[in-house]
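The values are calculated or read from the model by the stated rules, or taken from the named source; none is laboratory data. These numbers were taken from a predicted model, which means no experiment stands behind them. Here the Cβ is made from the backbone with ideal geometry for all residues, glycine too, and neighbour counts use every protein chain on show.
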Amino acid sequence: MRFPLLPVLTVSLSFDLLVAGWLLCGVALGQWSPDAEMCTKASGSDETIAACTRAITSGQLSSMNLAITFYNRGTAWGNKGDYDRAIADHNEAIRLKPQYALAYNNRGNAWNSKGDYDRAIADYTEAIRLNPQLATAYTNRGIAWNSKGDYDRAIADHNEAIGINPHDAPAYNNRGNAWNSKGDYDHAIADFSEAIRFSPQYALAFYNRGTAWGKKGDYDRAIEDFKEAIRLNPQYAPAYNNRGSAWNSKGDYDRAIADFNEAIRLNPQDALAYNNRGSAVRLKGDSDRALADCTVAIRLNPKYAWAYLNRGVTRFAQGNFESADVDFSEALGLAPNDTSFVIWHYFAQSRANHRNAAASELANNAAKVDKASWPAPIIDLIAGRIDAAGALKAATNSDRKIQRDQMCAAAFFGGEWHLLQGRRSEAREAFERAQRDCPKHFPEYFSASSELKKLSQ
């Protein structure tokens, strides 16, 4: 695992959740009314919902058309974001028409939007049983599996959707997201590219492909894809945010800040953009602005662990270890299984002269993390089970990019460990290594540079 300044190009990934999901139905021939026909728009507007309600209460619709009108009003409620009412209307549609596959699909969408993925999957499964050719139900069930972290089942469902409709751009996009979640960025990029081939105006697919390029470290291609997403949708705030992250990773902080500014202008409630701008201005040397932006991010989203981490890193570099530890403690409380938060908390607490408490808490916190994965060897270093050379050895990896990131963390935290032992010369050497080898947008680079300045005073 690496410790970037921010979750670069990850937090804003979109899943195009219901792009083909809220399916509409026309009124069956026979008994119909202007209100029932207007209800087929299912736009989510108050006018449309009122027309649906008049049609439902008119007493003039057949059982079939009443089921369809409940279904369409449920879809309108879903488009309006009132998922409880959407579920209630789809319940009525299913009661009146038990074989109504589309109603199961759309009720599944409402459950999905509420975060109840098990109920969503059950409804999509029933829709598929009733209509095995309903590609949208496979797509939506795949998205629900992805949300549950079952990426293999997600991919299998998207395969089925693509088998039914080989030109289904959203299915390729969503399968790409599942590959992305598995960390298979090459397969993800291939699927996003197919989505773009079948739908060249598909801004979301450009955005998602840009995210995958960013995760591979190909920031130039990422920037090009975000640029195209923005051209297709100039109001696309997440694309500005992620392009800013790519500029930040390239060391072009002025362009990064400009993009974060635009993301904030388009969405002033975007905690991620404030956090990311805080990281960029910190790298330009403006720690006060960095602290201010991180504080706004926390105000907007008090459960945003990365914002606490970023503010803590800034305070740590300033030598304000007590305040840094408060932030790292908050981050750790929000994500107790994150090994990086455990490590930052330990060093801030120790540097604040609370070493006994730090050692005691480390033992408790370390029990909650994955001891088999990086950066767990840093905890072994702190606990005395290995030395600094052993931590560097543990950081080696066959993947050069992963090894670079892990070596960066091993060097920086090795320097902190040496400092606690009173070995300033060894600490300086370790910080120099971190400064030399760490990507400049990593907190270890910024923090190592700050430590070297202090050691030179």
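Would you say Ala86 is within 20 Å of Ser33 (Cα to Cα), in contact (Cβ under 8 Å) with a residue 12 or more places away in the chain and either part of a helix (DSSP H, G or I) or more than 29 Å from the chain's Cα centre (by Cα) (or both)? No, not satisfied. When segment 165-180 is filtered for residues that are of a type in the set (A, V, I, L, M, F, W, C) and more than 21 Å from the chain's Cα centre (by Cα), only Ala169 remains.
Any residue at all in segment 181-188 that's buried (at least 24 other Cβ atoms within 10 Å of the Cβ), at pLDDT 95 or above and within 19 Å of the chain's Cα centre (by Cα)?
Yes: one or more hits.
Name the residues in segment 44-64 that are touching a residue at least 12 places away in the same chain (Cβ under 8 Å), assigned to a helix (DSSP H, G or I) and either hydroxyl-bearing (Ser, Thr, Tyr) or crowded, with 24+ Cβ neighbours inside 10 Å (or both), would you?
Thr48, Ala51, Cys52, Thr53, Ala55, Ser63
Matching residues to (1) modelled with pLDDT under 95; (2) in contact with a Pro (Cβ under 8 Å, 6 or more places away or on another chain); (3) of a type in the set (Ser, Thr, Tyr):
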position: Val313; (1), (2), (3): no, yes, no
position: Ala317; (1), (2), (3): no, no, no
position: Ser323; (1), (2), (3): no, no, yes
position: Asp327; (1), (2), (3): no, no, no
position: Ala331; (1), (2), (3): no, no, no
position: Ala335; (1), (2), (3): no, no, no
position: Val342; (1), (2), (3): no, no, no
position: Tyr346; (1), (2), (3): no, no, yes
position: Asn353; (1), (2), (3): no, no, no
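For Asn208, the requirement of being more than 15 Å from the chain's Cα centre (by Cα), modelled with pLDDT of 95 or more and not small (Gly, Ala, Ser) is not met. Before we move on, is Ala280 touching a Lys or Arg at 6+ places or on another chain (Cβ under 9 Å) and of a type in the set (A, V, I, L, M)? For Ala280, the condition - touching a Lys or Arg at 6+ places or on another chain (Cβ under 9 Å) and of a type in the set (A, V, I, L, M) - is not met. Inspect all residues belonging to segment 314-331 and state whether any of them is in contact (Cβ under 8 Å) with a residue 40 or more places away in the chain and either touching a His at 6+ places or on another chain (Cβ under 7 Å) or crowded, with 24+ Cβ neighbours inside 10 Å (or both). Looking for residues that are in contact (Cβ under 8 Å) with a residue 40 or more places away in the chain and either touching a His at 6+ places or on another chain (Cβ under 7 Å) or crowded, with 24+ Cβ neighbours inside 10 Å (or both), one finds at least one in segment 314-331, hence yes. Residues of segment 283-296 that are assigned to a helix (DSSP H, G or I) and within 19 Å of Ser249 (Cβ to Cβ): Leu283, Ala290, Asp293, Cys294. State whether one or more residues within segment 70-83 are closer than 14 Å to Cys52 by Cβ, of a type in the set (Ser, Thr, Tyr) and part of a helix (DSSP H, G or I). Yes, segment 70-83 contains at least one residue that is closer than 14 Å to Cys52 by Cβ, of a type in the set (Ser, Thr, Tyr) and part of a helix (DSSP H, G or I). Of the residues Arg119, Arg129, Arg153, Arg141, which single one is basic (Lys, Arg), buried (at least 20 other Cβ atoms within 10 Å of the Cβ) and at pLDDT 95 or above? After ruling out the rest, the residue left standing is Arg141. The residues in segment 242-281 that are among the basic types (Lys, Arg) and either in contact with a Leu (Cβ under 6 Å, 6 or more places away or on another chain) or surrounded by fewer than 23 Cβ atoms within 10 Å (Cβ to Cβ) (or both) can be counted, and the count is 3. Please verify whether Gly176 is crowded, with 24+ Cβ neighbours inside 10 Å, touching a Leu at 6+ places or on another chain (Cβ under 6 Å) and either assigned to a helix (DSSP H, G or I) or aromatic (Phe, Trp, Tyr) (or both), treating the condition exactly as stated. No; evaluated as a whole, the condition is false for this residue. Take the residues in segment 387-426 that are under 32 Å from the mean Cα position of the chain (by Cα) and outside any helix (DSSP H, G or I), then tell me which one is surrounded by the most Cβ atoms within 10 Å (Cβ to Cβ). The residue in question is Ala395.
Consider Ile298 carefully, then state whether it is touching a residue at least 24 places away in the same chain (Cβ under 8 Å) and out of contact with any Pro (no Cβ under 8 Å at 6 or more places or on another chain). Against the criterion (touching a residue at least 24 places away in the same chain (Cβ under 8 Å) and out of contact with any Pro (no Cβ under 8 Å at 6 or more places or on another chain)), Ile298 qualifies. The C-beta contact set for segment 418-444 (first residue free of Cβ contacts under 8 Å to residues at least 12 places away in the same chain, second residue in a helix (DSSP H, G or I) and basic (Lys, Arg), distance under 9 angstrom, 6+ apart or interchain) is empty.
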